[in-house]
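Engineer: Here it is: the structure, laid out below.
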Amino acid sequence: METKGGFYISQIKQLQDRIFERLLAENGIEISGGQGRILFVLWKSDQLTINEISAQTSLAKNTVSIVVDGMVNKGILTRQTNPRNRRQAIVSLTDYAKSLQTKYKTVSQQMNTLFYQGFSSEEQAAFEQFLVRILETLIKEEQTYKKTKED
(Lines give C-alpha, C1' and ligand atoms only; values in the text may rest on other atoms or scores of the structure.)
Protein backbone atom coordinates (compact mmCIF):
# COMPACT_ATOMS: atom_id res chain seq x y z
CA MET A 1 0.00 0.00 0.00
CA GLU A 2 1.38 3.39 -1.02
CA THR A 3 1.21 6.01 1.72
CA LYS A 4 1.36 9.74 1.21
CA GLY A 5 1.30 11.12 4.78
CA GLY A 6 4.73 12.74 4.58
CA PHE A 7 3.91 14.21 1.16
CA TYR A 8 0.63 15.68 2.47
CA ILE A 9 2.33 17.09 5.57
CA SER A 10 4.95 18.74 3.36
CA GLN A 11 2.29 20.27 1.07
CA ILE A 12 0.23 21.46 4.06
CA LYS A 13 3.33 23.08 5.58
CA GLN A 14 4.15 24.93 2.33
CA LEU A 15 0.60 26.23 1.88
CA GLN A 16 0.16 27.04 5.56
CA ASP A 17 3.39 29.09 5.58
CA ARG A 18 2.33 31.13 2.53
CA ILE A 19 -1.19 31.78 3.84
CA PHE A 20 0.07 32.62 7.34
CA GLU A 21 2.64 35.09 5.98
CA ARG A 22 -0.08 36.73 3.84
CA LEU A 23 -2.37 37.05 6.89
CA LEU A 24 0.51 38.53 8.90
CA ALA A 25 1.23 41.09 6.16
CA GLU A 26 -2.49 41.97 5.90
CA ASN A 27 -2.39 42.72 9.64
CA GLY A 28 0.72 44.91 9.35
CA ILE A 29 3.16 42.33 10.74
CA GLU A 30 6.17 42.12 8.44
CA ILE A 31 7.83 38.93 9.66
CA SER A 32 8.38 35.50 8.13
CA GLY A 33 7.07 32.21 9.47
CA GLY A 34 10.50 31.28 10.86
CA GLN A 35 10.73 34.63 12.62
CA GLY A 36 7.23 34.07 13.99
CA ARG A 37 8.22 30.70 15.45
CA ILE A 38 11.14 32.32 17.24
CA LEU A 39 8.97 35.17 18.53
CA PHE A 40 6.32 32.69 19.73
CA VAL A 41 8.93 30.89 21.86
CA LEU A 42 10.35 34.15 23.23
CA TRP A 43 6.88 35.49 24.07
CA LYS A 44 6.45 32.46 26.31
CA SER A 45 9.88 32.87 27.91
CA ASP A 46 12.06 35.86 27.06
CA GLN A 47 15.87 35.76 27.22
CA LEU A 48 16.82 32.39 25.75
CA THR A 49 19.99 31.04 24.17
CA ILE A 50 20.20 29.96 20.52
CA ASN A 51 20.29 26.31 21.73
CA GLU A 52 17.10 26.78 23.76
CA ILE A 53 15.31 28.46 20.85
CA SER A 54 16.49 25.70 18.51
CA ALA A 55 15.18 22.98 20.83
CA GLN A 56 11.80 24.66 21.26
CA THR A 57 11.24 25.47 17.57
CA SER A 58 12.81 22.33 16.04
CA LEU A 59 14.84 24.64 13.81
CA ALA A 60 18.54 23.86 13.33
CA LYS A 61 20.90 25.97 15.48
CA ASN A 62 22.58 27.56 12.46
CA THR A 63 19.14 28.45 11.02
CA VAL A 64 18.08 30.03 14.34
CA SER A 65 21.34 31.97 14.47
CA ILE A 66 20.88 33.34 10.92
CA VAL A 67 17.21 34.25 11.49
CA VAL A 68 18.01 35.88 14.86
CA ASP A 69 20.77 37.94 13.22
CA GLY A 70 18.25 39.27 10.69
CA MET A 71 15.77 40.04 13.47
CA VAL A 72 18.45 41.87 15.47
CA ASN A 73 19.27 43.97 12.37
CA LYS A 74 15.56 44.88 12.04
CA GLY A 75 15.27 45.87 15.72
CA ILE A 76 12.95 42.98 16.60
CA LEU A 77 15.36 41.19 18.94
CA THR A 78 18.55 41.95 20.86
CA ARG A 79 21.49 39.64 21.37
CA GLN A 80 23.83 40.01 24.35
CA THR A 81 26.67 37.91 25.71
CA ASN A 82 25.62 35.64 28.55
CA PRO A 83 27.48 36.91 31.66
CA ARG A 84 27.63 33.34 33.05
CA ASN A 85 28.98 31.81 29.82
CA ARG A 86 30.75 34.20 27.47
CA ARG A 87 30.50 31.72 24.58
CA GLN A 88 26.70 31.96 24.66
CA ALA A 89 24.42 34.77 23.57
CA ILE A 90 21.13 35.60 25.22
CA VAL A 91 18.38 36.56 22.77
CA SER A 92 15.71 38.96 24.05
CA LEU A 93 12.59 40.69 22.77
CA THR A 94 12.59 44.41 22.03
CA ASP A 95 9.60 46.58 22.94
CA TYR A 96 8.61 46.44 19.26
CA ALA A 97 8.55 42.61 19.35
CA LYS A 98 6.45 42.69 22.53
CA SER A 99 3.98 45.05 20.81
CA LEU A 100 3.38 42.49 18.01
CA GLN A 101 2.16 39.73 20.32
CA THR A 102 -1.56 40.61 20.37
CA LYS A 103 -1.82 41.06 16.58
CA TYR A 104 0.15 37.85 16.04
CA LYS A 105 -2.19 35.94 18.36
CA THR A 106 -5.18 37.20 16.34
CA VAL A 107 -3.61 36.00 13.09
CA SER A 108 -2.78 32.63 14.69
CA GLN A 109 -6.43 32.26 15.68
CA GLN A 110 -7.50 33.07 12.10
CA MET A 111 -5.10 30.43 10.80
CA ASN A 112 -6.29 27.89 13.36
CA THR A 113 -9.91 28.45 12.34
CA LEU A 114 -8.99 27.97 8.69
CA PHE A 115 -6.84 24.92 9.45
CA TYR A 116 -9.63 23.06 11.27
CA GLN A 117 -12.53 24.23 9.13
CA GLY A 118 -15.08 21.41 8.81
CA PHE A 119 -13.54 19.32 11.63
CA SER A 120 -15.55 18.31 14.68
CA SER A 121 -13.79 18.78 18.03
CA GLU A 122 -13.40 15.00 18.25
CA GLU A 123 -11.79 14.84 14.79
CA GLN A 124 -9.49 17.73 15.68
CA ALA A 125 -8.39 16.02 18.92
CA ALA A 126 -7.82 12.66 17.17
CA PHE A 127 -5.88 14.31 14.34
CA GLU A 128 -3.61 16.11 16.80
CA GLN A 129 -3.02 12.88 18.74
CA PHE A 130 -1.88 11.20 15.51
CA LEU A 131 0.42 14.11 14.72
CA VAL A 132 1.95 13.96 18.23
CA ARG A 133 2.66 10.24 17.74
CA ILE A 134 4.44 10.94 14.45
CA LEU A 135 6.36 13.86 15.99
CA GLU A 136 7.47 11.77 18.99
CA THR A 137 8.69 8.99 16.67
CA LEU A 138 10.68 11.46 14.57
CA ILE A 139 12.19 13.15 17.65
CA LYS A 140 13.33 9.77 19.01
CA GLU A 141 14.84 8.89 15.63
CA GLU A 142 16.76 12.17 15.47
CA GLN A 143 18.03 11.76 19.05
CA THR A 144 19.13 8.18 18.34
CA TYR A 145 20.95 9.32 15.22
CA LYS A 146 22.71 12.14 17.08
CA LYS A 147 23.82 9.73 19.83
CA THR A 148 25.23 7.19 17.36
CA LYS A 149 27.00 9.98 15.48
CA GLU A 150 28.62 11.22 18.71
CA ASP A 151 29.91 7.73 19.68
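The values are calculated or read from the model by the stated rules, or taken from the named source; none is laboratory data. Every value quoted in this text rests on a predicted model; they were computed, and no experiment measured them. Positions of Cβ are backbone-derived with ideal geometry, glycine not excepted, and every protein chain shown enters the neighbour counts.
Engineer: Looking at the stretch 1-35, which of its residues are closer than 18 Å to residue 105 by Cβ, at pLDDT 90 or above and of a type in the set (D, E, K, R)?
Structural biologist: Residues satisfying the conditions are 22, 26.
Engineer: Out of 56, 11, 35, report the one residue that is surrounded by 17 or more Cβ atoms within 10 Å (Cβ to Cβ) and farther than 25 Å from residue 83 by Cβ.
Structural biologist: Values: 56 fails: farther than 25 Å from residue 83 by Cβ; 11 fails: surrounded by 17 or more Cβ atoms within 10 Å (Cβ to Cβ).
None of the others qualify; the one that does is 35.
Engineer: When the stretch 69-126 is examined, which residues are found to be of a type in the set (A, V, I, L, M, F, W, C) and either free of Cβ contacts under 8 Å to residues at least 24 places away in the same chain or under 13 Å from residue 31 (Cβ atoms) (or both)?
Structural biologist: From the stretch 69-126, those of a type in the set (A, V, I, L, M, F, W, C) are 71-72, 76-77, 89-91, 93, 97, 100, 107, 111, 114-115, 119, 125-126; that's our starting set.
71, 72, 76, 77, 93, 97, 100, 107, 119, 125, 126, listed by residue number.
Engineer: Report, by residue number, each residue of the stretch 66-125 that is charged (D, E, K, R), in a strand (DSSP E or B) and closer than 19 Å to residue 40 by Cα.
Structural biologist: Residues of the stretch 66-125 that are charged (D, E, K, R), as a first pass: 69, 74, 79, 84, 86-87, 95, 98, 103, 105, 122-123.
With the extra rule that they be in a strand (DSSP E or B), the set shrinks to 79, 86-87.
Selection gives 79 alone.
Engineer: If you don't mind, another one. Please go through the stretch 38-53 and pick out each residue that is surrounded by 15 or more Cβ atoms within 10 Å (Cβ to Cβ) and outside any helix (DSSP H, G or I).
Structural biologist: Going residue by residue through the stretch 38-53, those that are surrounded by 15 or more Cβ atoms within 10 Å (Cβ to Cβ) are 38-43, 48-50, 52-53.
Answer for the stretch 38-53, where residues must be surrounded by 15 or more Cβ atoms within 10 Å (Cβ to Cβ) and outside any helix (DSSP H, G or I): 48, 49.
Quick grid of which residues meet (1) of a type in the set (Asp, Glu); (2) closer than 28 Å to residue 14 by Cβ; (3) touching a Lys or Arg at 6+ places or on another chain (Cβ under 6 Å); (4) at pLDDT 95 or above:
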residue	(1), (2), (3), (4)
54	no, yes, yes, no
58	no, yes, no, no
77	no, yes, no, yes
86	no, no, no, no
91	no, yes, yes, yes
108	no, yes, no, no
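Engineer: If you don't mind, another one. Please work out if residue 23 is surrounded by 14 or more Cβ atoms within 10 Å (Cβ to Cβ) and more than 14 Å from the chain's Cα centre (by Cα). Please lay out each step first, then the result.
Structural biologist: On the way: surrounded by 14 or more Cβ atoms within 10 Å (Cβ to Cβ): yes; more than 14 Å from the chain's Cα centre (by Cα): yes.
For residue 23, the condition - surrounded by 14 or more Cβ atoms within 10 Å (Cβ to Cβ) and more than 14 Å from the chain's Cα centre (by Cα) - is met.
Engineer: Which members of the stretch 59-71 meet the condition of being surrounded by fewer than 16 Cβ atoms within 10 Å (Cβ to Cβ) and more than 30 Å from residue 137 (Cα to Cα)?
Structural biologist: Within the stretch 59-71, 69, 70 qualify.
Engineer: Got a sec? Which of 145, 104, 96 is surrounded by 10 or more Cβ atoms within 10 Å (Cβ to Cβ) and not assigned by TED's automatic domain parsing to the domain that holds residue 43? So that I can check it myself, show each step before the final result.
Structural biologist: Values: 104 fails: not assigned by TED's automatic domain parsing to the domain that holds residue 43; 96 fails: not assigned by TED's automatic domain parsing to the domain that holds residue 43.
It is 145.
Engineer: Checking the conditions here, which among 135, 131, 39 is within 18 Å of the chain's Cα centre (by Cα) and assigned by TED's automatic domain parsing to the domain that holds residue 14? Even if it seems obvious, please write down each step before you answer.
Structural biologist: Values: 135 fails: assigned by TED's automatic domain parsing to the domain that holds residue 14; 131 fails: assigned by TED's automatic domain parsing to the domain that holds residue 14.
Result of the check over 135, 131, 39: 39.
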